[in-house]
Each structure stands twice: as C-alpha cells, then as structure tokens.
1. Return the only residue of B:A183, B:A172, B:A194 being within 13 Å of another protein chain (Cβ to nearest Cβ), in contact with a strand residue (DSSP E or B) (Cβ under 8 Å, 6 or more places away or on another chain) and at negative phi.
2. Among the residues of the range B:62-109, which ones are more than 21 Å from B:G135 (Cα to Cα) and either among the hydroxyl-bearing types (S, T, Y) or in contact with a Pro (Cβ under 7 Å, 6 or more places away or on another chain) (or both)?
3. Go through the range B:132-142 and report how many residues are within 21 Å of B:M28 (Cα to Cα) and not in a loop (DSSP other than H, G, I, E, B).
4. Which fully enclosed strands (runs of 3 or more DSSP E) of the range B:14-125 have 3 or more residues being in contact with a Lys or Arg (Cβ under 8 Å, 6 or more places away or on another chain)?
5. Within the range A:162-176, can one find any residue that is assigned to a strand (DSSP E or B) and open to solvent by 10 Å² or more (accessible area, probe 1.4 Å)?
6. State all residues of the range B:50-78 that are within 14 Å of chain A (Cβ to nearest Cβ) and either within 20 Å of B:G32 (Cα to Cα) or crowded, with 24+ Cβ neighbours inside 10 Å (or both); if no residue qualifies, say none.
7. Among the numbered conditions (1) under 15 Å from the mean Cα position of the chain (by Cα); (2) modelled with pLDDT of 95 or more, tell me where A:T103 comes up short.
8. Does the range A:90-108 hold any residues that are buried (at least 20 other Cβ atoms within 10 Å of the Cβ), more than 17 Å from A:M39 (Cβ to Cβ) and within 14 Å of another protein chain (Cβ to nearest Cβ), and which are they?
Protein chains: 2
Amino acid sequence: MSELKIIKVEESIFAHNDLAAVENRAKMTENGTFFINVMSGPGSGKTTTLSALINMLKDEYKIGEMDVDIKTSLDAQKVADATGIESMQINNGGLCHIDADMTARALEHYDWKDLDLLILENIGNMVCPAEFDTGAHKNVMLWSITEGTDKPLKYPLMFTVSDVILINKIDAIDYFDFDFDLAEQHVHKLNPAAKIFPISAKTGEGLDKVADWIREEIAAVKAKAGK
Amino acid sequence: MSELKIIKVEESIFAHNDLAAVENRAKMTENGTFFINVMSGPGSGKTTTLSALINMLKDEYKIGEMDVDIKTSLDAQKVADATGIESMQINNGGLCHIDADMTARALEHYDWKDLDLLILENIGNMVCPAEFDTGAHKNVMLWSITEGTDKPLKYPLMFTVSDVILINKIDAIDYFDFDFDLAEQHVHKLNPAAKIFPISAKTGEGLDKVADWIREEIAAVKAKAGK
C-alpha cells in the first residue's frame, strides 16, 4: 500500500518537474547563460574540481555557483574561498536531490542575469539527482577511480543522463584497480554520446580539456541568445 | 504544493516503517540471528569488505547475505563467488533505499532460520538508507578515506544512525588528505557511542577487530535467544 502511494506521488512530481525544467532552461538560453548541473557520489571531488575550473575560467567569464547540501554551507564556502566568485548555498532540508522548482526558487534569490556560466553543484548521491531534470543545459558527473569500474552498471540512470563524465583522482591510479577502457565501454553502452574526460582535480591534469568544452558550450548558448 | 505532498506521504511511511522494523528485529532476536545492515556511498568497498569478513568467519558461523541493488546482481554474485555462502539479490527497482517492509518480503524468500549472522548490503547512498530502519540489530557504515574528512558534517543522519563506522582504504592514505583525529571528532560529536575501526579491505588490515566485534554481537544475540 505505502509503496503504491509513493509511486503515484512521484509520477505527478516528475511530469511537473519536466515542465519546470524546460522553463528554467529557456530562461537561461534566452539570457545567454550556460547552465550546468554537476552530480556525483559523496566525496568524488565536485567542490575541488569546480573550484579549479572556476579559477581557470573566471578572468574570461562571469561565473556563479549554487551549492546544494543537506545541512551545511561547507562546499559553498569552500568554492567562495578558493575562487572569490559569488557562491550561494541551497539547503534542501534532507532531500536527496534538487528539482527544477527548487532550482527556480533558488534563482529568484540569486543575481544570475549577468552570468556567462552558472554551475549547480548537486547533492552527493548517485541515485536521486539523476531522476530530476533541473533545467541545466548539460549534466556533468564526476566518477572517482576509487569507486571502481562497475559504477555505470550499478547506477545506470546517472550515467545515462550525464552529457559529460569526469573520471577524477587519476593521480591515485597506482592504488586502485580501475580499467579506463572497460569504464568507457560501460558508459558508451548506456550513453553513446557521453564525453569522457579523465582528470585529477588535485594535480590539474586533464582540466584544460574540460575548460575548453565549457568555452565551446558558452559560445553556443551565447550564439543562440544572439549575444 | 508537490513538496508538501511528499512530506505527508513520507511521514506515514516512516511511522509504518518503524513498526515493521521492530517486527523484523524481534524475529531475528528470537531466532538468535545477528542481523546487520551495511551502508555507505557508492564505491566505498562494501562488497569487498563483506567478502573478506565472511571468509574470516564462515568456518565458525552460518552466514547469509542479502544484497540490494537498483538493477544488477553484480554484488550478490561477487560475494557468492568470493565466499561460497548463499547470497540473495534484492532488486529495488530504482529506489534509493530498502525499507523494513521490503526487507520482510525478501526474508520470506530466503532461508534465514539457520543463520547465526545475516548481512544486508544496502544500496550505495549516504542519504536515503539512513532514513529507513530495516530492523537490523546494528547499522554498520563504510566511509572511504578517499571521500574526505568532512563527510559526517555533510551526511549527519548516516553517521548518527550507524553503530559501527569502518574507515576503509587506509592502505591508500599517502594519496589522500584524511585526518583520522578530526574524523573521530566529527563522528563522536554526532554519535558519541559509535565504534570506529580503520580498515583496509584490500590488505586485510584492521578486519580482525571488526570480526571480533561481530563475534561478541553474535554471542549477545544468542544469549538473548537462550541459545
């Protein structure tokens, strides 16, 4: 009984969420702001990676960050401290995701109209965030080599909805059994168009290519907006 | 509107779940079966750790394992292959947790009455599984040093409901900034009674102490059951 109830409620939320996501995305496109949603399991390195990328790009673009966390504002503070950009904390009160409505409400309190790039750092979770389109133009996920090569098999939706997959912590490869070829096969079976970038947020290796991808996407969104 | 609906449904589920959990736990105690629920983020090493522990204990005790996964039966197969014990796969169809009802239904299909130790390997997620009492006697969580020292601050409920915390992958400590003293402070602020065991599932370091803890708990449950 209780399970059936959950499913019904979720279905109506998903349909409603998709509409709200389309609205968020249209607003961003019209404004010429490239909007990315960054997802991963806990401790995969989202905050460190984003801080490094923001520092590589902040002299070229106006960048903003919204950080979703259950309770603390640790990550938003870390990004603000590491980069000097304006970072906003969204506390989601214990939910395991952020949806398009929550994103829209957060945007009402955030001065995003001048931004070239808006980054949403989702909550550390490989299940729920994948179910909710936030309205971002692109989904980016981090996958740490310390988590093992089988993750796409175990969390297929996350890998299916992600446009870009950053394989992080490659500097520690000597300590972990991670098979890059097999990882790529697993990902492309679910999602043939996914771009994969091996990176180390710690040493900076591979981040130049991710920064180039962001530059191209910012240019594409600005072209659509006629800017 | 949609959010309010979610909260109402969740409240009734939580209350119902707590009752079902009490029933599961009473059944296990009466039978003299020590039942543990093992939780962590994705890729923290649950399957490898459990396989190693089962191999250390399987000549002394009859052990069973139930493995929750969204879609695959990879982990149940890995445990069965590595240990030779009977392992059961529970596919939860995309949910981010297993609750007490689902556990009870799984138990109907599993021959657990002879077991001294029953292990439930929960889904890899630091948020949702912490919200649902499964009826296990003890909650055990794995925390990998690769995930960083701040995790108790970010996922407080998981650390609050866990009786035992295994800090895993300590063999890779040279590659990661992990502060064991600070980690312990963070945990004990939330949960003063939590036992913490640093381990390496890969090298076996520290697992003897975890095995000793399991032996003590099995003896305690058997004493309660008068066995």
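1. Working: B:A172 fails: in contact with a strand residue (DSSP E or B) (Cβ under 8 Å, 6 or more places away or on another chain); B:A194 fails: within 13 Å of another protein chain (Cβ to nearest Cβ).
None of the other options fit; the residue is B:A183.
2. B:K71, B:T72, B:S73, B:T83, listed by residue number.
3. Counting residues in the range B:132-142 that are within 21 Å of B:M28 (Cα to Cα) and not in a loop (DSSP other than H, G, I, E, B) gives 4.
4. Values: elements: B:34-40, B:63-69, B:87-91, B:117-124.
Fully inside the range B:14-125 and qualifying: B:34-40, B:117-124.
5. Keep residues of the range A:162-176 that are assigned to a strand (DSSP E or B), which gives A:164-168.
Going one step further and asking which of them are open to solvent by 10 Å² or more (accessible area, probe 1.4 Å), we end up with none.
So far as the range A:162-176 goes, no, none of its residues is assigned to a strand (DSSP E or B) and open to solvent by 10 Å² or more (accessible area, probe 1.4 Å).
6. Of the range B:50-78, the ones within 14 Å of chain A (Cβ to nearest Cβ) are B:51, B:67-78.
B:D67, B:V68, B:D75, listed by residue number.
7. Failing condition for A:T103: (2).
8. Within the range A:90-108, just A:D101 meets the criteria.
The values are calculated or read from the model by the stated rules, or taken from the named source; none is laboratory data. Only a predicted model underlies this, so the values are computations on that prediction, with no experimental measurement involved. Cβ sites come from the backbone with ideal geometry, for glycine too, and all protein chains shown count toward neighbours. Calculation scope for accessible area: heavy atoms of the full protein, side chains included, ligands and nucleic acids excluded. Shrake-Rupley method; radii C 1.70, N 1.55, O 1.52, S 1.80 Å.
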